[in-house]
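Engineer: Following this message is one structure expressed as structure tokens.
Any read-out appearing in this document is the output of simple, stated calculations on the displayed coordinates, not a laboratory observation. None of the values given here were measured: they were computed from a predicted structure. Don't worry about glycine lacking a Cβ; one is built from the backbone with ideal geometry, like all the others, and counts go over all protein chains shown.
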Amino acid sequence: MATITSLGAAREVTGSCHLLETAGRRILLDCGMHQGGDAVRRLQGEAFAFRPRDIDAVVLSHAHLDHAGLLPLLVSEGFSGPIYTTPATRNLLAIMLEDAVGLYLRDLEAANTRRRRAGSRLLKPRYDHSDVLEVLKLCQPLSWHAEAEIAEGLHLAFIDAGHILGSAIVCLRRAGSAPWRLVFSGDIGASDRVLMREPEVPDTADLVLMEGTYGNRDHRSQDATIAELEEVVAQAGRDGGNILMPAFAVGRTQELLFHLGCLYHRGLLNGWHVFLDSPMAIEVTRLYDQWLDALDADDQQMMRHFGARALGQFLPCFTPTASVDDSMQINRVERGAIIIAGSGMCNGGRIRHHLKHRLWQERNHIVFAGFQARGTLGRQLVDGAEHVRMFGQRYAVGARIHTLGGFSAHAGRTELIRWAEGIGGRPALRLVHGENEALESLAEVLRERGHNVSIAEPGSPFAIAAVTPEDIAQ
């Protein structure tokens, strides 16, 4: 009997990791880290619920760290099998993991300095750069829709999830006397976002391991979101100020550059200059440019209409500032600067330095285009804090704060339901990657529509079998 056990992203939204056991083989679907809080403390506490050397292969849905961030630790502790990805995910993984290990080792060194001064035992790194390199060597890229036999009788194919560059929906097929089809959604993209293609829908399945991040709500429409962005630009221009955009390096930054390019070609960015002040985001944007042919065809056509074969070309008033010196020069710009910088929740990165220089000025505007978790500086600002602390000092919040609600990289409730109902075979649905409220809400509406739905519990094995009409009626 084949089983799937959710070891992460079960009634939570990080740490995606699901163990498939079939015909004596053990295969991981994703190997993500739990995010939030101190990275060093978090990694010191990470423990796999299996021996990494016993895992035969990993199938990776996409490169976000909550889906791929523990791959170096898996390798460090003995895993040596193949890691199946799409080609673009493999390229993006190199950037994401190198950045993550650099930050981790830097924070570990700082933590050990404090422990050394206190006479405490020093912490050893759980993994290092050599483990990241080994992860990349183990990657076996698989093109869209190309089926590969990854174990005897077990076939894998990837279809486009439309979430970020290279993101995939995993389709597994067991051949033989007891056949079944398992679909793992990964993260399903929103259907009306720029750059990404529409999420594909599997032809059929017996069981779908399906994300439910936004299972209890829909996002604001793209049209309304873009209209709000236009108004922010116009108001900031009237105020004689600047616009700061804390942004995530992968996906969100590239979308913002495209939208700003559209505003530029409509004559709405006259007098404005856009700075991308994040080395990682600059590198990821170059990768998006390399994979432009894999992105949405209509958006490619619009860019070509204006003679652009890169996001920077589509936005002529764009300047990437990779060096620290270039970043510091932005502070001399008194007005007309749109500054996109990491981190997306303002917990670190160059955005904090720009906030230090501009947050207290009423003529400036801060635009949040992504979710702000509790406990982050971004959440404090969104919640209306009048003062915040940075760099050991207290700063007044004079700038106007805006939240754009239509840029989520995840499908909303209605889109999730439409995607699930498009799959042939009337599969059983098992919900993962969501907080309790979102998963319970999505499960309820899917059951009302006649679907066989369960919610994955952490560490609880679930049998995979061909679905019968009797299963659906239960």
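Engineer: Have a look at the DSSP beta bridges in region 41-156 and tell me what percent are antiparallel, nearest 5. Show your work: numbers first, answer last.
Structural biologist: Details: 3 of 8 bridges.
DSSP beta bridges in region 41-156 are roughly 40 percent antiparallel.
Engineer: Could I ask something else about it? Which loop-located trypsin sites (Lys or Arg not before Pro) does region 354-424 contain, where loop means any DSSP state but H, G, I, E or B and the Cβ has at most 10 other Cβ atoms within 10 Å?
Structural biologist: Details: sites: LYS356, ARG358, ARG363, ARG374, ARG379, ARG389, ARG394, ARG400, ARG413, ARG418; in loops: ARG363, ARG374.
Those that pass, being in a loop and sparsely packed, are ARG374.
Engineer: OK, next. Count charges around LEU138 for me, please; just the other residues with Cβ under 11 Å from its Cβ, Lys/Arg as +1, Asp/Glu as -1. Numbers along the way, then the final one.
Structural biologist: Details: positive: ARG90, LYS137; negative: ASP131, GLU134.
Net charge in that neighbourhood comes out at 0.
Engineer: Continuing with the same structure: Show me the ranking of peptides 322-334, 63-75 by mean Cβ neighbours inside 10 Å, starting with the highest.
Structural biologist: Numbers: 322-334: 13.1, 63-75: 25.8.
Put in order of decreasing packing, that is 63-75, 322-334.
Engineer: Per 10 Å bin, what is the whole-percent P(r) computed from every C-alpha pair distance within the chain?
Structural biologist: 4, 19, 29, 26, 15, 6, 1, 0
Engineer: I've got another one for you. Which Cα, out of GLY24, ALA438, GLY45, lies furthest along the positive dipole direction of the chain (beta carbon charges, K/R +1, D/E -1)?
Structural biologist: It is GLY45, whose Cα lies furthest towards the positive end.
Engineer: Also: Between the DSSP loop rule and a limit of at most 14 other Cβ atoms within 10 Å, which GluC sites (Glu not before Pro) in region 1-78 are left?
Structural biologist: Within region 1-78, the qualifying GluC sites (Glu not before Pro) (loop, at most 14 other Cβ atoms within 10 Å) are GLU46.
Engineer: Can you list residues from other chains, or at least 5 along the same chain, whose modelled amide H is less than 5 Å from the amide H of MET390?
Structural biologist: Here the answer is TYR395, since their amide H atoms fall under 5 Å of that of MET390.
Engineer: So what's the convex hull volume per residue for the Cα atoms of region 222-403, in Å³? Could the numbers behind the result be given before it?
Structural biologist: Details: hull volume 20.4 nm³, N = 182.
In region 222-403, the Cα convex hull volume per residue is 112 Å³.
Engineer: Run lengths n ≥ 4 of DSSP H only: what is the helix-derived mean residue ellipticity at 222 nm for the chain, with -39500 (n - 2.57) per run over all residues, to the nearest 500? Walk me through the intermediate numbers first.
Structural biologist: Working: 16 runs with 162 residues, N = 474.
Estimated from H runs of four or more residues: -10000 deg cm²/dmol.
Engineer: How charged is the neighbourhood of LEU276? Take every other residue with its Cβ under 14 Å from the Cβ of LEU276, and add Lys/Arg as +1 and Asp/Glu as -1.
Structural biologist: On the way: positive: ARG252, ARG286, ARG350; negative: GLU255, ASP277, GLU283, ASP289, ASP326.
Net local charge, LEU276 excluded: -2.
Engineer: Can you compute the FRET efficiency between ARG447 and TRP144 using 1/(1 + (r/R0)^6), with r the Cβ-Cβ distance and R0 = 41 Å? Round to the nearest 0.05. Display every interim value, and only then the final one.
Structural biologist: Working: r = 32 Å, r/R0 = 0.79.
The value I calculate is 0.80.
Engineer: A further question on this structure: If you restrict to DSSP beta bridges whose two residues both lie in the chain, what percentage is antiparallel, to the nearest 5? Show your work: numbers first, answer last.
Structural biologist: Numbers: 33 of 71 bridges.
Counting only bridges with both partners in the chain, antiparallel ones make up about 45 percent.
Engineer: Please compute the modelled spin-label separation between GLU362 and GLU421, points set 7 Å along Cα→Cβ, answer in nm with one decimal.
Structural biologist: Here the answer is 5.1 nm between the modelled labels.
Engineer: Show me the GluC sites (Glu not before Pro) within region 93-196 that DSSP assigns to loop and that have at most 16 other Cβ atoms within 10 Å of their Cβ.
Structural biologist: Details: sites: GLU98, GLU109, GLU134, GLU147, GLU149, GLU152; in loops: GLU147, GLU152.
Taking region 93-196 and a limit of 16 other Cβ atoms within 10 Å, the loop GluC sites (Glu not before Pro) found are GLU147, GLU152.
Engineer: Going out from 0 in 5 Å bins, what whole percent of all Cα-Cα distances in region 162-245 drops into each bin?
Structural biologist: Each 5 Å bin holds this share of Cα pairs: 3, 11, 15, 16, 14, 11, 9, 7, 5, 4, 3, 2, 1, 1, 0.
Engineer: Taking 8 Å as the Cα distance limit and 6 or more residues as the minimum spacing, I'd like the relative contact order of the chain as a percentage.
Structural biologist: Values: 1008 pairs, mean separation 89.6, N = 474.
This gives 19 percent for the chain.
Engineer: What percent do you get for the relative contact order of region 222-403 when only Cα pairs under 8 Å and 6+ apart count? Before the final figure, lay out each step's value.
Structural biologist: Values: 300 pairs, mean separation 54.1, N = 182.
About 30 percent, as a whole number.
Engineer: Using DSSP, restrict attention to beta bridges with both residues in region 222-403 and report what percent are antiparallel, rounded to the nearest 5.
Structural biologist: Numbers: 4 of 22 bridges.
Close to 20 percent.
Engineer: Just to confirm a number: summing +1 for Lys and Arg and -1 for Asp and Glu over residues other than THR89 whose beta-carbon lies under 13 angstrom from that of THR89, what do you get?
Structural biologist: On the way: positive: ARG90; negative: ASP30, ASP160, ASP187.
The answer is -2.
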